[in-house]
Amino acid sequence: MSAFGQQRSSWTQWGGPSRNFVAPPAVISDKWPASGPKLLWKRPLGEGFSAISVDPPLLFTMYGKPGEEVVIAADSATGKTKWEHATPVTFRSAYAEMGIGPYSSPLVLKDRILTAGVTGRLQCLEKLTGKLLWTQQLWLDHRATRLDYGYASSPIAFRDSVIVPAGGAGKSLMAFQLTGGKQLWSRNDYPNAYSSPILINLDGLEQLVMLMDGVLFAVNPHNGDPQWQVPFRAEYGIAVATPVWSPQDQLLFISAEYGAGAKVIQLRRDGLRTTAKELWSSNRLRLHHGNAIRIGDTYYFTSGGKGSQAILSAVDAHSGKIHWQERSIEKATFVQAGSRLIVLDQDGYLMLADPSPQGFKILAKAPLLTNLSWTPPSLVGTQLFVRDRRTMAAVDLA
């Protein structure tokens, strides 16, 4: 099962149905009361930044507590816990002020849940019970790249396999059988970073695209065979944001903090071969983490934020020209709903905005969360699921 075939009434993986943070059409209100949209429920949660995957009537995410990492299934209508699966974890981040994770988001596939923990533990659980079906230890057994902040990449499905970045000699990407966890293939030598893979369709040619330490590249998802690559190096290997694919003009947008800047790559298919050409690059544009959204011919994302103020930026997709930058909105994550953006900033303010190359019109705004809010929301119908570092909530945008 590929990322192109996810149900329209669910949000079952990192980035939603197509891993691009674009929600299926729904009628949402552009006016909220002063208190904000209707709060359906709100509950405490442990540490972490794992996004919420929703397959009604259940939702899934991950959190950490002293000595353990927990996968939780909850009722999407009430937030009440249905089951939890805890794993002993002794990982300590090199930068304690950023927390200890987890960061990866659950992948829901039929009757199963795939999760990747902060120590590189890939595991498959029964969706309804949380029963452990199989595990693969990327760090311990496969000698994958160990990362200072911990493993952060979200797994992706392709047909009857799950694919994850691992990193290291012959193991940049690894594919495992969904049913029993058997290794199917392992290819390439690049070290891992913190980004997550996407599947693209280039004129009928399926490719899996991955941003790793020093390189953006693609493979054949059937067997891991290399397709193309372009250099892209972020200092300290801190490449976090997921690439943005635009099939209408076959452009890939990538960006990172720490000296990497931003690039747009033009892909072209020639038979079974692919050419990858840099269209533009800029050292002024630096997406630290979070996500970027393309609407029309404009990318919207927050630029900067480590040692400098993050600035909401609108950038032309074909030239890299900065249309505008808005300092009143700092680090934020986004979900696209039609032509509008649902925005959650790091201070917990939820916004609905009408973006354009001419400006950023905020239609509604309300405080919702109180802790560090770095996790992108998930939208199913008109219900929006959000979390901060220690809380989870759902609101109705109808």
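Derivation of every value follows stated rules applied to the coordinates shown; laboratory data play no part. Here the structure is a predicted model, which is why all the values come from computation and not from measurement. Counting neighbours? That spans all protein chains shown, and the Cβs are built from the backbone with ideal geometry, glycine included.
Just to confirm a number: summing +1 for Lys and Arg and -1 for Asp and Glu over residues other than V162 whose beta-carbon lies under 13 angstrom from that of V162, what do you get?
Combined, the nearby Lys, Arg, Asp and Glu give +3.
Using a cut-off of 14 Å between beta-carbons, work out the net charge of the residues near V335 (Lys and Arg +1, Asp and Glu -1, V335 not included).
Computed value for this residue: +3.
Let me know the shape class of segment 92-241, please: from the alpha-carbon gyration tensor, a ≥ b ≥ c as square roots of the eigenvalues, rounded when a/c is under 1.5, otherwise prolate if a/b is greater than b/c, or oblate.
Here segment 92-241 falls in the oblate category.
Give the distance, in whole Å, between the Cα centre of segment 300-340 and the Cα centre of segment 349-384.
First find each Cα centre; the distance between them is then 13 Å.
Determine the alpha carbon to alpha carbon distance for each of K171/K321; K38/K361; K110/K263; K42/K127; K80/K171; K42/K182 and list only those over 31 Å.
K171/K321; K110/K263; K80/K171; K42/K182
Starting from the Cα gyration tensor of the chain, take the square roots of the eigenvalues, sort them a ≥ b ≥ c, and report rounded, prolate or oblate (rounded when a/c is under 1.5, otherwise prolate if a/b is larger than b/c, else oblate).
Rounded shape, in that the Cα axes give a/c under 1.5.
Could you tell me what % of all Cα pairs in segment 242-398 have separations over 29 Å?
Percent of Cα pairs beyond 29 Å in segment 242-398: 19.
HN-Hα J couplings of segment 207-219 from phi, Karplus 6.51/-1.76/1.60, θ = phi - 60°, integer Hz, Gly and Pro as x?
9, 9, 9, 9, 9, 10, 6, x, 7, 10, 8, 9, 10
Divide, for segment 1-113, the radius of gyration over alpha carbons by 2.2 N^0.38 Å, where N is the residue count.
So the Cα radius of gyration is 1.19 times the expected 2.2 N^0.38 Å.
Give the order of K277, K263 when sorted by the count of other beta carbons within 10 angstrom, beginning with the fewest.
K277, K263
Can you tell me which of 120-129, 229-238, 103-112 comes out highest on packing, and rank the rest after it, using the mean Cβ neighbours within 10 Å?
So the order, starting with the most tightly packed, is 103-112, 120-129, 229-238.
Could you please report the charge total around L216, scoring K, R as +1 and D, E as -1 over all other residues with beta-carbon less than 12 angstrom from its beta-carbon?
0
Once the cut-off is 13 Å, how many percent of the Cα-Cα pairs in segment 245-311 end up in the long-distance tail?
Result for the distance tail: 65 percent.
Considering the dipole of the chain built from charges on the beta carbon (Lys and Arg +1, Asp and Glu -1) around the Cα centre, which of L285, S356, T333 is farthest to its positive end?
T333
Exposure proxy check: D297, D141 ranked by fewest other beta carbons within 10 Å?
Listed from fewest to most nearby Cβ atoms, that is D141, D297.
How large is the charge dipole for the chain, taken about the Cα centre, if only the Cβ atoms of Lys, Arg (+1) and Asp, Glu (-1) carry charge, to the nearest 20 debye?
240
For segment 152-270, what class follows from the C-alpha gyration tensor (a ≥ b ≥ c being the square roots of its eigenvalues): rounded when a/c is under 1.5, otherwise prolate if a/b is larger than b/c, else oblate?
oblate
Could you work out the relative contact order of the chain? I mean the mean sequence separation of Cα pairs under 8 Å and 6+ apart, divided by the number of residues, in percent.
Relative CO of the chain lands at 14 percent.
Taking the Cα-to-Cβ direction at E68 and at L128 and moving 7 Å from each Cα, how far apart do the two end points lie in nm?
Label at E68, label at L128, 2.5 nm between them.
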